[in-house]
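Student: Structure in structure tokens, see below.
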Amino acid sequence: MTEARFEPLEFEPIPEAEMLARATSFERDLSRRRSVRHFKTDPVPRALLESVLKCAGHAPSGAHQQPWTFVVVSHPETKRRIRAAAEAEEQENYGGRMAPEWIDVLRPLGTDAHKPCLEDAPALIVVFRQAYGEAGGKKFKHYYTQESVGIAVGFLLAALHRAGLCSLTHTPSPMGFLEKILERPPAERAFVLIPVGYPTDKCEVPALDRKALDEFCVWR
Ligand code: IYR
């Protein structure tokens with residue numbers, strides 16, 4: 001068993017005006033983050049990807065187990081295989097596996113079974129959730145993996161945007177093919193597939209509104 005070990009918190013107080021300036025500036029920046037489905041093929045510098053992935057790795061996690069693996073796919077043949085498998089699943093989804101109500105709520109997004117972004121985007125970050133850990137040949141439970149990986153992905157999406165990159169959270173369902181194509185160990189379950197890169201020059205996104213604060217926040 002690992003004993004508790006503590007160290008002083010590194011915390012620098014910030015003047016209140018500066019706190020507000022930072023918070024509003026971050027909010028203004030995030031307000032411009034959009035899910036992008038049309039990518040240029042231009043490559044993304046490896047150092048940039050490493051930096052945003054480190055941001056994801058700073059996320060809190062259940063029992064600090066960090067139950068995530070990020071697989072960065074840039075090899076064209078691997079992207080081609082992922083696209084083919086994802087489109088095969090999406091043909092089923094759009095062809096009747098998704099209930100009509102589901103198809104209805106997707107209509108404003110203009111999505112269909114074609115996923116060229118899976119080949120065009122220079123990098124696909126495939127996030128895996130480690131359902132359990134292994135040490136000394138023994139399996140041990142991981143706690144709150146869905147929540148932990150979801151938080152890490154949130155950090156990643158914000159970091160990608162902050163770095164000037166576009167991304168899409170894509171969940172071709174079911175995602176088992178990603179575990180096979182990327183040869184992941186049995187503990188790993190595909191969580192989300194994130195194409196990353198630069199938008200095409202004529203890239204359009206759906207014209208959508210976001211809820212105002214008073215529509216999603218309650219004060220007591
Ligand atoms: N996986 C499909 C359908 C889809 C589902 C949701 I929920 C979305 O927010 C968007 C699409 C697809 O990627 O097209």
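The values are calculated or read from the model by the stated rules, or taken from the named source; none is laboratory data. On a predicted model such as this, the values are computed, not experimentally measured, just so you know. Note that each Cβ is placed from the backbone with ideal geometry, even for glycine, and that neighbours are counted across all protein chains shown. Calculation scope for accessible area: heavy atoms of the full protein, side chains included, ligands and nucleic acids excluded. Shrake-Rupley method; radii C 1.70, N 1.55, O 1.52, S 1.80 Å.
Student: Keeping all protein chains in position, work out how much accessible area ASP120 exposes to a 1.4 Å probe, and write it in Å² to the nearest 10.
Tutor: 50
Student: Sort the chain into rounded, prolate or oblate with this rule: let a ≥ b ≥ c be the square roots of the eigenvalues of the Cα gyration tensor; rounded if a/c is under 1.5, and if a/c is not under 1.5, prolate when a/b is larger than b/c, oblate otherwise. Don't skip to the end; give the middle numbers.
Tutor: Numbers: a/c = 1.58, a/b = 1.13, b/c = 1.39.
Oblate shape, in that a/c is at least 1.5 and b/c is the bigger or equal ratio.
Student: Once ligands and nucleic acids are excluded and a 1.4 Å probe is used, how much of CYS217 is accessible, expressed in Å² to the nearest 10?
Tutor: Looks like 40 Å² after rounding.
Student: Given labels modelled 7 Å from the Cα in the Cβ direction, how far is it in nm from THR78 to ASP214?
Tutor: With each label placed 7 Å out from Cα toward Cβ, I get 5.0 nm.
Student: Also, I was wondering about something else. Quick check: at a probe of 1.4 Å, how many percent of the accessible area of the stretch 1-142 sits on carbon and sulfur atoms?
Tutor: Details: 5410 of 9860 Å².
In the stretch 1-142, the share of accessible area belonging to carbon and sulfur is 55 percent.
Student: Now for a different question. For the pair THR111 and GLU3, how long in nm is the line joining their label points, each one 7 Å along Cα→Cβ?
Tutor: 5.1
Student: Further, regarding this structure: So how do GLU188, GLU92 rank on accessible area, 1.4 Å probe, biggest first, that is with the largest at the start? Write down the numbers at each step before the final one.
Tutor: Working: GLU188 15, GLU92 105 Å².
Putting GLU188, GLU92 in descending order of accessible area: GLU92, GLU188.
Student: With every protein chain in place, what's the accessible area of TYR198 (1.4 Å probe, Å², nearest 10)?
Tutor: The accessible area of TYR198 comes to roughly 70 Å².
Student: Further question on the same structure: Cα centroids of the stretch 1-67 and the stretch 125-190: how far apart, whole angstrom?
Tutor: Here the two parts' Cα centres lie 17 Å apart.
Student: Please state the shape class of the stretch 1-132: rounded when a/c is under 1.5, otherwise prolate if a/b exceeds b/c and oblate if not, all from the C-alpha gyration tensor. Kindly include the intermediate steps, with their values, before the conclusion.
Tutor: Working: a/c = 1.90, a/b = 1.60, b/c = 1.19.
Verdict is prolate for the stretch 1-132.
Student: For the stretch 34-200, what does the relative contact order come out to in percent, with C-alpha contacts under 8 Å and a separation of six or more?
Tutor: Working: 278 pairs, mean separation 65.4, N = 167.
About 39 percent, as a whole number.
Student: What FRET efficiency comes out for GLN91 versus SER35 if R0 is 22 angstrom and r is the Cβ-Cβ distance? Round to the nearest 0.05.
Tutor: 0.55
Student: While we're here: At 222 nm, what helix-only mean residue ellipticity would the chain give, in deg cm²/dmol to the nearest 500, using -39500 (n - 2.57) for each DSSP H run of four or more? Provide the component values of the computation, followed by the final result.
Tutor: Details: 8 runs with 84 residues, N = 220.
Rounded to the nearest 500, the figure is -11500 deg cm²/dmol.
Student: Now for a different question. Under a 1.4 angstrom probe, counting protein chains only, how are HIS142, HIS58 ranked by accessible area, largest first?
Tutor: On the way: HIS142 15, HIS58 140 Å².
Order by accessible area, largest first: HIS58, HIS142.
Student: Among the lysines, select those whose C-alpha is under 21 Å from the C-alpha of LYS202, and discard any that sit fewer than 8 residues away in the same chain.
Tutor: Leaving aside lysines fewer than 8 places away in the same chain, those within reach of LYS202 are LYS40, LYS115.
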